[in-house]
Amino acid sequence: MNPHFSAEAPERPRPKGLYAQVDFIEPLGEGLALVGLDGVDAEWFAEFSEDHGLNKNAASVDVCKAFAQGAPLFHLQLTMFLDEANRRFRARTRHWLRIDLSAEGPLRGELYPTLFSPAQTVAFDAARLPLMNRRSQQLNSLTLVPNQTPVPHTPPTPLPIEELAVLDVGQGSANALLCCEGVARIYFDVGCGVYRNAPTRPPIISFCQCKDPVVVLSHWDADHWAGATIDTALLTRTWIAPIPATIKHIVFLMNIWNAGGKTHLLGTSTTVHLGPGIKLVRCKGPASDRNESGLALIAERKGKRWLLPGDASYHNIPGALKHRFTGLVATHHGARFHGPGAAAPPPPPTPKPAPDYARLAYSFGPGNAHGKYGVSHPRPAGVHAYDAVGWTHSGWGVLPLGSAIAGPPGLARATAHHPNAHLNGIRIGWTVPVGVLPHLAACPKAMPLTQT
């Protein structure tokens with residue numbers, strides 16, 4: 001596995017420069033944004049290109065594998081005004097930046113050698129490389145995703161599904177659809193806390209794989225797949241995911257292939273049925289917005305429904321606003337979400353709870369923080385939007401930004417509370433949780449599910 005994905009990898013020396021792509025531009029509110037850049041050590045890549053003949057030839061399969069296994073990847077984050085971030089770093093497919101790290105650089109950021117290492121404060125400058133630049137062409141030849149086989153019409157997903165489990169993985173997202181014994185049959189995201197939020201992870205991250213579950217990835221944010229770099233047996237499973245577009249995610253995809261895993265990459269808006277009443281829908285946001293154009297899962301049985309939205313706003317999920325839901329995983333860890341168009345009045349369109357039994361589950365890490373000024377999930381605006389349509393938060397106290405404490409008897413549950421407490425996972429049934437699920441107690445890799 002590439003060292004960037006390993007919690008045990010020795011820390012690499014700080015590079016002098018990177019060839020990088022924009023990973024994300026995430027609005028933080030108050031006109032600010034968090035910018036994430038993913039790159040490879042520029043000096044290492046120059047030597048790799050020379051050694052593997054990339055100055056004269058396109059990359060072969062073996063060269064791509066060698067790059068995926070050994071490339072020294074780094075992640076760089078900085079907080080800046082949103083307008084400046086969009087002007088300077090607006091993502092463009094297959095375009096690259098040259099990052100030069102030096103004490104004289106005009107920008108300040110946090111450099112992460114791995115998903116789980118502490119940040120290094122750095123100064124740097126960034127310049128766009130022309131698309132036809134030699135280095136751009138070499139990098140693009142290494143990160144070209146080949147054509148994939150379509151998802152089969154009858155995927156090997158044993159049913160029926162009896163419960164939805166929202167797992168406590170820190171500041172990330174991981175959900176399991178369980179059969180009547182409590183065996184995980186489908187995972188929808190397998191993330192955990194990474195980078196600045198790596199310390200929000202619980203002591204153990206592991207996933208029941210006793211019946212070869214399918215792994216569905218809503219989108220390519222690292223906090224939605226990084227659990228598979230800890231429990232690496234997940235890399236050998238069958239994955240269903242959108243097509244990745246940038247270096248870190250393509251290298252992770254190659255690591256799945258190198259481990260023997262299979263992938264079905266979805267590049268269209270086609271609905272995928274995982275079994276009776278369980279479907280994946282493609283979100284309708286612009287393709288340039290990974291959160292708003294990923295996959296969502298909707299499960300239905302006898303008029304009862306669950307919705308797993310990934311990080312998408314609900315108006316971008318087909319069918320999300322047409323029905324009431326028995327089980328809802330709060331989008332984007334309880335972040336503020338939006339309606340269609342900047343002029344849409346508050347509150348934003350929000351799914352409503354079923355009248356008899358319903359649960360809203362927040363997945364976030366205790367003490368999580370984002371950006372220079374420590375914006376934290378869940379956001380008060382997000383909490384208030386759910387409460388306004390009937391998802392009651394009795395037992396919650398919304399204190400300073402993001403300081404939410406959860407507990408019964410309202411409809412809302414959470415995997416943590418601030419500043420430092422893990423609350424374990426949450427079980428959601430169709431009408432009520434099933435009761436005792438024998439496999440949960442027997443499987444050594446099943447994480448605790450103590451909340452209902």
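The values are calculated or read from the model by the stated rules, or taken from the named source; none is laboratory data. From a predicted model like this one, the values you see are computed outputs, not experimental measurements. Ideal geometry is used to build each Cβ from the backbone, glycine not excepted, and the neighbour counts take in all protein chains shown. With ligands, DNA and RNA removed, areas are computed over all heavy atoms of the protein, side chains included. Shrake-Rupley method; radii C 1.70, N 1.55, O 1.52, S 1.80 Å.
Here are the numbers for this structure:
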read-out: Unmet requirement for Phe116, which otherwise passes all of (1) of a type outside the set (A, V, I, L, M); (2) open to solvent by less than 10 Å² (accessible area, probe 1.4 Å); (3) modelled with pLDDT of 95 or more; value: (2)
read-out: Residues of segment 238-249 satisfying the condition of being of a type in the set (Val, Ile, Thr) and in contact with a helix residue (DSSP H, G or I) (Cβ under 8 Å, 6 or more places away or on another chain); value: Ile247
read-out: Positions within segment 169-207 being among the charged types (D, E, K, R) and either part of a strand (DSSP E or B) or open to solvent by less than 10 Å² (accessible area, probe 1.4 Å) (or both), in sequence order; value: Arg185, Asp189
read-out: Every residue from segment 358-371 that is part of a loop (DSSP other than H, G, I, E, B) and over 11 Å from Arg305 (Cα atoms); value: Ser363, Phe364, Gly365, Pro366, Gly367, Asn368, Ala369, Gly371
read-out: Close pairs (9 angstrom Cβ cut-off, 6 or more residues apart or separate chains): in contact (Cβ under 8 Å) with a residue 24 or more places away in the chain and hydroxyl-bearing (Ser, Thr, Tyr) in segment 187-203, open to solvent by 20 Å² or more (accessible area, probe 1.4 Å) and in a helix (DSSP H, G or I) anywhere; value: Tyr195/Asp223
read-out: So Trp225, is it within 30 Å of Pro444 (Cβ to Cβ), touching an Asp or Glu at 6+ places or on another chain (Cβ under 9 Å) and either open to solvent by 10 Å² or more (accessible area, probe 1.4 Å) or not hydroxyl-bearing (Ser, Thr, Tyr) (or both); value: yes
read-out: Sole residue being within 23 Å of Gly31 (Cα to Cα) and touching a residue at least 40 places away in the same chain (Cβ under 8 Å), chosen from Asp83, Asp125; value: Asp83
read-out: Close pairs from segment 268-297: first surrounded by fewer than 20 Cβ atoms within 10 Å (Cβ to Cβ), partner of a type in the set (Ser, Thr, Tyr) and at pLDDT 90 or above, Cβ under 7 Å, at least 6 apart; value: Gly285/Ser293; Pro286/Ser293; Ala287/Ser293
read-out: Residues of segment 15-39 satisfying the condition of being of a type in the set (Asp, Glu) and open to solvent by 20 Å² or more (accessible area, probe 1.4 Å); value: Glu26, Glu30
read-out: Residue that is surrounded by the fewest Cβ atoms within 10 Å (Cβ to Cβ), among those in segment 405-430 that are in a loop (DSSP other than H, G, I, E, B) and touching a strand residue (DSSP E or B) at 6+ places or on another chain (Cβ under 7 Å); value: Asn424
read-out: Scope segment 306-329; condition open to solvent by less than 40 Å² (accessible area, probe 1.4 Å) and within 19 Å of Val432 (Cα to Cα); matching residues; value: Trp306, Leu307, Leu308, Phe325, Thr326, Gly327, Leu328, Val329
